[in-house]
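Following: one structure in structure tokens, then a few remarks.
The values are calculated or read from the model by the stated rules, or taken from the named source; none is laboratory data. Note that the coordinates shown come from a computational prediction; the quantities given were computed from them, not determined experimentally. Virtual Cβ from ideal backbone geometry, glycine too; neighbours counted across all protein chains shown.
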Amino acid sequence: MNMNLGMRDENQKLLDRVAAMIRDEIIPLEDEYQGEVSKGDRWQYTERQTEILESLKAKAKAQGLWNFWLTDSERGFGLSTVEYAYFAEEMGRTPLAAEVFNCSAPDTGNMEVFERYASESLKEEWLVPLLEGKVRSAYLMTEPDVASSDATNISMSCVRDGDDYVLNGEKWWASGAGDPRCSVYIVMVKTAGEEMPKHKRQSMIVVPANLPGIEIIRPMEVYGHDDAPHGHMHMKLTNVRVPAGNILLGEGRGFEIAQGRLGPGRIHHCMRAIGQAESALEQMCKRSLAREAFGKKLAQLGANYDIIAECRMEIEMARLLCLKAAWYMDKGDARAAAPWIHQIKVAAPRVALKVIDEAVQMFGGQGISQDTPLAQAWTHVRTLRLADGPDAVHRRQVARTELRKYTQEKV
């Protein structure tokens, strides 16, 4: 099997430009940008935040460094998923980078849904401004009262009434819904009961964020942090009327669309997590060489040589697994790619979390403070072990694939 996990020369040059912009222009503004969050209304962007973000986006766009996530698409650069992995890794080094290049979640997944499954009118209304980075979006799937890692449990009511659908129910962990620029939601709803097979009961519908009946109950906190102004919102929809033409592919196609959306989204998260691990290892090494205790550099104390070595080896293994999953995705066989996506969704966040935690240890008390980006990175990556399905769900799928080799029975 000829498995190319490398980069074409022209795209390597493109990646070098992205890495340089991240290093020289984005990271130096990260602390100032984050420092603006608590000034005034946490759910509005300050003038300086807007200036930083929009100026960086304008620079990236002017240089053509935009929408890399559009793999194998005439709208993008034609990157393979393997090649995009390297770009996402670089963007994972700082929280700002993904949006600067218009490659941030949940917009990338939502844009893929619009591109693959939406009508031409919905594409014109929502895909175009999303591709241009003019608006943001959210994906509403998870619900407070059901185990939402099983998409067949989704129960938000969606009932046809003339030319509309009427939505009632609650969603939570709607990432990005707190952003004042968030203009549209893609919502997983239930349109049929037990008269239909369980994988045909859910649908996806496009919901403009300004419709009457939409209420943001509260921002969900992640280990005590509200992640403003992006936010992960708990929402209630009461008799929200949505045009019938906003349903994607028709009733009963939601599970199919969800699987199409979550596969790429999961691997993009993992690619960025590897970038966060690399950043943490870099901080760890620099700290270990700059700080002294007991008359020696920290690197020479205790088991720090071994810790640094283990972190390097585990990052390399996770990256190779991620690239292998990306390669299978590029082959176009979703069933063949699925076991590899499940594996990396467990492995990459787990490795990144370990490396970040070891870096925190190297920094001591400073590592858990606001004086380094490590505490925020740890919180984000720990959350990633739940986003798009908890580890246990993915391990179950990996085990079922493995056991299927040795039995004809369904496992």
W69 being closer than 28 Å to R253 by Cα and at pLDDT 95 or above: no
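Residues that are free of Cβ contacts under 8 Å to residues at least 60 places away in the same chain, surrounded by fewer than 15 Cβ atoms within 10 Å (Cβ to Cβ) and not assigned by TED's automatic domain parsing to the domain that holds A60: list the strands (runs of 3 or more DSSP E) wholly contained in segment 133-218 that include at least 2 such residues.
Values: elements: 136-140, 157-161, 164-175, 182-190, 202-208.
Where strands (runs of 3 or more DSSP E) fall fully within segment 133-218 and carry at least 2 residues being free of Cβ contacts under 8 Å to residues at least 60 places away in the same chain, surrounded by fewer than 15 Cβ atoms within 10 Å (Cβ to Cβ) and not assigned by TED's automatic domain parsing to the domain that holds A60, they are 157-161.
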Selected residue [touching a strand residue (DSSP E or B) at 6+ places or on another chain (Cβ under 8 Å) and buried (at least 18 other Cβ atoms within 10 Å of the Cβ)] from A85, A98, A118: A118
Residue tally, condition surrounded by fewer than 24 Cβ atoms within 10 Å (Cβ to Cβ), touching a His at 6+ places or on another chain (Cβ under 9 Å) and in a helix (DSSP H, G or I), over segment 249-284: 3
In segment 289-348, the residues that are within 21 Å of the chain's Cα centre (by Cα), surrounded by fewer than 19 Cβ atoms within 10 Å (Cβ to Cβ) and among the basic types (K, R): K324
The listed residue being surrounded by 14 or more Cβ atoms within 10 Å (Cβ to Cβ), of a type in the set (D, E), in a helix (DSSP H, G or I) and in contact (Cβ under 8 Å) with a residue 60 or more places away in the chain, out of E30, E25: E30
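Could you check, for segment 371-382, whether at least one of its residues is touching a residue at least 24 places away in the same chain (Cβ under 8 Å) and in contact with a Gly (Cβ under 6 Å, 6 or more places away or on another chain)?
Within segment 371-382, the first condition is being touching a residue at least 24 places away in the same chain (Cβ under 8 Å), and the residues that meet it are 372-374, 376-382.
Next, only the ones that are in contact with a Gly (Cβ under 6 Å, 6 or more places away or on another chain) stay: 374.
Yes.
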Condition broken by A280, with the remaining ones in (1) farther than 30 Å from G109 by Cα; (2) in contact with a Leu (Cβ under 7 Å, 6 or more places away or on another chain) satisfied: (1)
Unmet criterion (only one of (1) at pLDDT below 95; (2) in the same structural domain as L70 (by TED's automatic domain parsing); (3) more than 22 Å from the chain's Cα centre (by Cα); (4) polar (S, T, N, Q)) for N2: (2)
Matching residues in segment 349-376 - criterion: being more than 24 Å from E83 (Cβ to Cβ), crowded, with 17+ Cβ neighbours inside 10 Å and of a type in the set (G, A, S): A359, G367, A375
Whichever residue in segment 227-271 is touching an Asp or Glu at 6+ places or on another chain (Cβ under 7 Å) and of a type in the set (D, E, K, R) and, among such residues, is nearest to L323 (Cα to Cα): R266
Residue satisfying all of: in segment 105-126; modelled with pLDDT under 95 and in a loop (DSSP other than H, G, I, E, B); farthest from R23 (Cα to Cα) among these: P106
Selected residue (criterion: surrounded by the fewest Cβ atoms within 10 Å (Cβ to Cβ)) from residues of segment 219-248 that are over 30 Å from Q376 (Cα atoms) and of a type in the set (V, I, T): T238
